[in-house]
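The values are calculated or read from the model by the stated rules, or taken from the named source; none is laboratory data. It should be emphasised that the depicted structure is a prediction, and the values quoted were computed from it without experimental measurement. In this analysis, Cβ positions are derived from the backbone assuming ideal geometry, glycine residues included, and neighbour counts consider all displayed protein chains. Note: areas computed on protein heavy atoms with side chains; ligands, DNA, RNA excluded. Shrake-Rupley method; radii C 1.70, N 1.55, O 1.52, S 1.80 Å.
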Amino acid sequence: MKGTINKALLKRILFIASIVIIVLILLFFTAYATGSAILQNDFSKDQETIFADLENANSSITKIDNIILLIGDGMGFNQIEATKALSGQDSLFMESLPFQSQQLTRSLSNKTTDSAAAATALASGVKTINGQVGKVVFSNLKTSMDIAQENNMKTGIVTTDDIYGATPASFSGHALRRNLYNQIISSQLDSNIDYLIASVVSKDLTSAKSDKIAQKGYTYVDNYEDLLNIDKSNKYYGIIPTLHSNYETESYVELKDVAQNAIEYLDNENGFFLMIEGARIDKYNHKNNLDGMVSELIDFDETVEYCVSWAKQHKNTIVIVTADHESGGLEIQKNNFVYTTTGHSSVNVPLYVYGLNIEKLSYKNTDIFHMCNWAILK
């Protein structure tokens, strides 16, 4: 009798648990569908607004061939002020660009974004959850790189981070979490981006992918000299271990030089879209190392200067300079620059633009995608 009661009770518990699971699944997919619809509506509204604003402010522009987007990872306004003060400069070159504003950085899940969600917003125009790369929940997002390729433009990424770092990954791949490096590398190799060059900051996984790199039509490079006689008919994927400022060692490759190589390679009659990241600004902020941050930001600013100089000599080129977020919580206290955290902050970050008139006092991080998209489709 007791065994029969226990079996009946167990069946009832299992039945109720099954109902609860089914209800939870239905609620999840209902919430997901509703959330997706809201995000799509926000995307459409934002795109319509930005497109209209840019059309009104840039009526003389009939065509844009090339887009260069520079991202100073972790670069806030106070990082710029500290760099000027410690390097003895009255201003940085990026501050001379004709159109200036600021960018709001929050992610879908948090007021303080991480690099993955921030870069995904910049690359796709969609806010996502901290830690996700090129995705919102389970959905892959179309990026500005994808749209550029659809319009027969060449595409490239240069970064002083790992090749699978959050920012390059968000422009070139898809992963549920930013630490799924194998997934990121595999999706990058399916992206068909023409030029993917990075540095090595932590463990390098690319050597394990050498067969797939070749199968996908990429020439693998592991030093700067490999790029000096570049063949425009090839695609390039690889690492330059010395790609960073001279703060750590005198044996280094400047970001500016690799940016120049990328532009020379990508330049063609159909135009190009190039994303350049100064990643180690952020890494030194996390270490609260002001001198290292300044050295990296100076290198980044020199890269901005080269890109704008190139743009001035080549019509129909725009240059957008911004950050994904601020890190270190750098503050000015009694005329001293003081880090207040080893993490990120939620403060607004700079936005400087050459070749495109922007008029708003501030922009959301997703608006940067719409600016690039407008330029690609122009």
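Structure values in brief
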| read-out | value |
| --- | --- |
| Choice from ASP226, ASP324, ASP114 with maximal GNM fluctuation in the chain (Cα, 10 Å cutoff) | ASP226 |
| For SER187, solvent-accessible area (1.4 Å; no DNA, RNA or ligand), Å² | 20 Å² |
| Accessible surface of the stretch 52-119 [probe 1.4 Å, protein heavy atoms]: carbon and sulfur percent | 45 percent |
| Highest-MSF residue in the chain out of ILE281, ILE213, ILE61 [GNM, Cα springs under 10 Å] | ILE61 |
| Accessible-area value, LYS256, 1.4 Å probe, nucleic acids and ligands omitted, Å² | 60 Å² |
| Over 28 Å (Cα to Cα) - which of LYS45/LYS256; LYS287/LYS334; LYS127/LYS212; LYS212/LYS232 fall in this group | LYS45/LYS256; LYS127/LYS212 |
| 0 to 90° range, to nearest 10: angle between helix 365-377 axis and the chain longest Cα axis | 60 degrees |
| Over the chain: helical MRE at 222 nm, DSSP H runs n ≥ 4 each giving -39500 (n - 2.57), nearest 500 | -14000 deg cm²/dmol |
| Per-selection Kirkwood Rh - the chain (Cα, Å, 1 d.p.) | 21.6 Å |
| Rel. contact order, % - alpha carbon contacts under 8 angstrom, at least six apart, the stretch 128-283 | 29 percent |
| Top of THR105, THR62, THR303 by mean-square fluctuation, Gaussian network on the chain, Cα under 10 Å | THR62 |
| Whole-angstrom gap from the stretch 121-191 to the stretch 223-247, using each part's C-alpha centre | 21 Å |
| Relative contact order of the chain, pairs being alpha-carbon contacts under 8 Å that are 6 or more residues apart, as % | 29 percent |
| For peptides 283-293, 75-85, 338-348, sequence by mean Cβ density within 10 Å, most packed first | 75-85, 283-293, 338-348 |
| Value of Rg to Rh for the stretch 195-323 (Rh from inverse mean 1/r over Cα pairs, i.e. Kirkwood) | 0.97 |
| Simple Cβ-charge dipole of the stretch 210-368, Lys/Arg +1 and Asp/Glu -1, about Cα centre, in debye nearest 20 | 520 debye |
| Column: log10 I(q)/I(0), Debye, Cα scatterers of the stretch 289-378, q = 0.13, 0.14 Å⁻¹ | -0.59, -0.67 |
| Charge dipole (debye, nearest 20) of the stretch 52-159; +1 at Cβ of Lys and Arg, -1 at Cβ of Asp and Glu | 340 debye |
